[in-house]
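Asker: Just dropping this structure here.
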Amino acid sequence: MAINTKKYIHKKFGYIILLFVCLMGVIVIGITLNAHHKDQYDNEYVYSYILHQMLFQKEEISSPVHSSIQSSEYTDMLVDKVYTFLEGHYILNISDLYLIKGFRYSIRLAIVTDNHQCNMEINLTDPIGWSYYIFATDGNKLTFNEYREIPYGAARTGNHTLYFEKLDGPNLNIHIQVINEGLCYELFDPGENIYWIDLIPISRPEPPSAGINYQKYLYLLPQRMYSIHISRVSAVRADYSNKIYVDHNVVDPSEDHISFPIYTHKLMNGLFEEDQYHFGTAIQGTYLFNFTFYPDMEYTNILLFVVDEGQIATGQKPLPFNISYLLSLDLEAPEIVPSVSMPFEAQLGLGIGIGSLIIIGLSIAFYTKHKSNL
C-alpha cells in the first residue's frame, strides 16, 4: 500500500513538473511574440510618420495658388459706344461698370468726327469712393482717330464709375471702349508655379513721409528659390507725379527672426513695369514679407505675387571628418557575417525559461536523492 502511494506521489509530481515546464514555455513564447509585435508596431509607426511627412511636403509643393484674386467668367468688351460731347466744357459719366479684382482693364478713346480736337480729363471712382486721376491730355489734345489707351488694374470688385470731362472744343463724337484684358499678373508671363498673388489699393498717408505699411505672412519650404514681383498697375494722369518709393525686408521663421533687407527707399518702376528679386530659403516656416510704400499720388493699386522657382539644394549636411576620411580610402569591404538580434523582452523571457529549467533539474535531482534514501 505504501509503495502504491509513493508511485502515485511520484506520478503527480511528474505531472506538476511537466505542467510547470509547459507554463514557462507559454510565458517565453508570449513575451517573445509581444516583443516582436511591439517592434513591428514601432516600425509601422516610424513608416507612417515618414509617409505623412512626405505627403505633407508634396501637398505644400503642389498646393493651389494662395490668392485673394479669383478667376471669373467675364465679357471682354464691357463698353463699346460712340458718345456725343457738346461744345465747350462737358461731363459724361459711365456708371455701373462692374470690374473684378485682379483683372487688367483698358480704357480706349478717340475722336471720330474729323477736324475736331479737345482737351480731356478722366477720373475713375471705385466701389468705396476712392477717386483715381488716371488721364489728362495736358496740352496734347485728342484728335481725329488717334486712340489713347489707359490701363487700370482693379484692386476691388464691384461697380466703378468713369468720369470724362471735356474741357474745350466744339461739338464732337468720341468712341469709348472698356475692355477686359485678362488677369494682371499674366502680362508678366510668370509661368505656372505661382505661389501667391494679391492686388492691393493704397492711399497717400498724412503726412506722406509716414508711408503705408503692408505685411504678408507666407509659409515657404526649405532649400527652395522664390521670386517676388511688385508692380504699380493703375495709371496716373500726365501732369501728376507718379513716383512710389518702397522699403522692404523679409523676416525668417527662426528663433532669432533674422531680417533680410531687400529695398531701402527704392523708386519703383513705371506702370505695369515690375520690380523683381529672388529669395532662397534655408529653413521652412512662416516668413514675414514687410513692405512700406511712399506714394506721391493720392490713390494707386499695387500688384504683388510670388513664384516658386524650384529646389536649390537637397539640404544634405557634411559628414563628420573621420567618416569622410574613411569613405575617401580605397578599402576592401569587410565580410558581412549574418547576425540575429533579439528584443530585450525575448531575452528576458528566455532567461526566465532557462532559469526555470535549471531549478526544475535541481529539484528532480534533489527529489531522486531523497527517494533513494527512503
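Asker: Of the residues PRO318, PRO295, PRO253, only one is surrounded by 14 or more Cβ atoms within 10 Å (Cβ to Cβ) and free of Cβ contacts under 8 Å to residues at least 40 places away in the same chain; which?
Answerer: PRO253
Asker: What number of residues in region 194-211 are outside any strand (DSSP E or B) and among the hydrophobic types (A, V, I, L, M, F, W, C)?
Answerer: 1
Asker: Look at region 82-100 and say how many of its residues are within 26 Å of ASN301 (Cβ to Cβ) and either among the charged types (D, E, K, R) or in contact with a helix residue (DSSP H, G or I) (Cβ under 9 Å, 6 or more places away or on another chain) (or both).
Answerer: Summing the residues that are within 26 Å of ASN301 (Cβ to Cβ) and either among the charged types (D, E, K, R) or in contact with a helix residue (DSSP H, G or I) (Cβ under 9 Å, 6 or more places away or on another chain) (or both) in region 82-100 gives 1.
Asker: Just for region 303-334: of the residues that are part of a loop (DSSP other than H, G, I, E, B) and among the small types (Gly, Ala, Ser), which one is modelled with the lowest pLDDT?
Answerer: That would be ALA333.
Asker: Working carefully through the options ILE202, ILE258, find the one that is in the same structural domain as THR286 (by TED's automatic domain parsing), free of Cβ contacts under 8 Å to residues at least 12 places away in the same chain and surrounded by 12 or more Cβ atoms within 10 Å (Cβ to Cβ).
Answerer: ILE258
Asker: Quick one: which strands (runs of 3 or more DSSP E) sit completely within region 240-302 and have at least 3 residues that are farther than 19 Å from GLN223 by Cβ?
Answerer: In region 240-302, 244-251, 259-267, 285-295 are the strands (runs of 3 or more DSSP E) which contain 3 or more residues that are farther than 19 Å from GLN223 by Cβ.
Asker: Any residue at all in region 216-230 that is outside any strand (DSSP E or B), touching a Phe, Trp or Tyr at 6+ places or on another chain (Cβ under 8 Å), aromatic (Phe, Trp, Tyr) and crowded, with 18+ Cβ neighbours inside 10 Å?
Answerer: no
The values are calculated or read from the model by the stated rules, or taken from the named source; none is laboratory data. In this text the structure is predicted, and so the values were computed from the model without any measurement. Using ideal geometry, Cβ is built from the backbone for each residue, glycine included, and neighbour counts are taken over all protein chains shown.
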